[in-house]
Amino acid sequence: MKRVVEMNQLMSDKRTIFFLVAPGSLILISMIIFPIGMSIYYGFTDWGGIGDYNFVGLENFKNIIFNDEIFSTSLINALLLTVATILIQHPIAIFLSILITHCGRWEKVLRTILFIPAIISIVVTAKLWASIYNPQYGLLNNVLESIGLSALKQDWLGNPDIAIWSIIVVTMWQGFGYAFLLYYAGLKGVPDELYEAAKIDGANPFQLYLQVVIPLLAPMMRVAVIIAVIACLKQMEVVYLMTGGGPGNSTQLLGNYLYQTAFSSAQYGYGNAISVLFVIVVLIITVVLNKFLKRDVGEY
């Protein structure tokens, strides 16, 4: 009781509250709020990063929204990557996480193997897949030729029609481990009693997972999907290292286009305008997802 009284007295002291809150507030303001504010400010200018600049109002934003085809391509590609990740990567991750829980002594080995792509350096991943996709000596074309499918051989990163899909495959492969780990952890959190109760009620394995286990994974799915969407929208490294946005800007993503505009093309003001719209797009999609995925789920 005495400790509770002392704690209440301590927390009622405004000076104590200030010293507790000040460090975190200072970091938040200096590292997040201030840079965002400066980015918004420079988005209204034509600054090149060095020297003087002029205030151009909404001109940058108008050009980006109505005239910038590369920005539109980047946004569409980011959305394609997001949809592919949610509809392809995550169902596979759920299926394999369920499968591995029934592999007995091989479970630890298999889950380690599936997580390996997530811990490989992104530079190594990009160079590895660039070699696999190489039209002359790449593994993919050699395999297609060896199994009699030479007609399917492609310049996987040089063909504007398929290059973005090649990038999407690499990105999903590299991030698969995190999605798998989330769903695997969720499955491990389901009590054995629920499995036993479902079996007693006559549920077959398909019904067990479809009607019992997967609904209980809904909170984990929500977290995994939101993380995946944010990661896809800000994806940059794979494109930067493998194609640089080419051929013909067909593989541009928002992060890479922003970097090239602000630093390679010395259009710092225009690049900041892109970053502001980028943040707005991410926030809108995140809010919509939260609303769409929000639902009451049972506790276990």
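A few points about this structure:
- Evaluating Tyr41 against the criteria (1) over 30 Å from Lys188 (Cα atoms); (2) of a type outside the set (D, E, K, R); (3) modelled with pLDDT under 90 leaves one unmet condition, (3).
- When the residues of region 127-174 are filtered to those that are loosely packed, with under 14 Cβ neighbours inside 10 Å and hydrophobic (A, V, I, L, M, F, W, C), the one that is farthest from Thr73 (Cα to Cα) is Ile147.
- Considering the conditions (1) within 30 Å of Phe61 (Cβ to Cβ); (2) surrounded by fewer than 22 Cβ atoms within 10 Å (Cβ to Cβ); (3) not β-branched (Val, Ile, Thr), Pro215 is excluded by exactly one of them, (1).
- Of all residue pairs spaced 6 or more apart or on separate chains, those with beta-carbon atoms under 6 Å, a first member in region 49-72 that is closer than 17 Å to Val281 by Cα and a second member that is open to solvent by 30 Å² or more (accessible area, probe 1.4 Å) and outside any helix (DSSP H, G or I) are Ile70/Asn249.
- Among the candidates Ile94, Ile70, Ile64, residue that is β-branched (Val, Ile, Thr) and closer than 30 Å to Arg111 by Cβ: Ile94
- Of the helices (runs of 4 or more DSSP H) lying entirely inside region 203-277, the ones with 1 or more residues being basic (Lys, Arg) are found at 218-233.
- Only residues that are touching a helix residue (DSSP H, G or I) at 6+ places or on another chain (Cβ under 6 Å) and under 20 Å from Ile86 (Cβ atoms) were counted in region 210-224, giving 4.
- For the residues Leu96, Leu81, Leu87, the requirement of being surrounded by 18 or more Cβ atoms within 10 Å (Cβ to Cβ) and under 16 Å from the mean Cα position of the chain (by Cα) singles out Leu81.
- Residue within region 221-241 that is on the phi < 0 side of the Ramachandran plot, surrounded by fewer than 18 Cβ atoms within 10 Å (Cβ to Cβ) and of a type in the set (S, T, N, Q) present: no
- Just one residue in the set Val124, Val143 is modelled with pLDDT of 90 or more and within 29 Å of the chain's Cα centre (by Cα); that residue is Val124.
- Candidate set from region 177-204 (those that are of a type outside the set (Gly, Ala, Ser) and open to solvent by less than 30 Å² (accessible area, probe 1.4 Å)); member that is nearest to the chain's Cα centre (by Cα): Phe180
The values are calculated or read from the model by the stated rules, or taken from the named source; none is laboratory data. From a predicted model like this one, the values you see are computed outputs, not experimental measurements. Don't worry about glycine lacking a Cβ; one is built from the backbone with ideal geometry, like all the others, and counts go over all protein chains shown. What goes into the accessible areas is simple: the full protein's heavy atoms, side chains included, and nothing from ligands, DNA or RNA. Shrake-Rupley method; radii C 1.70, N 1.55, O 1.52, S 1.80 Å.
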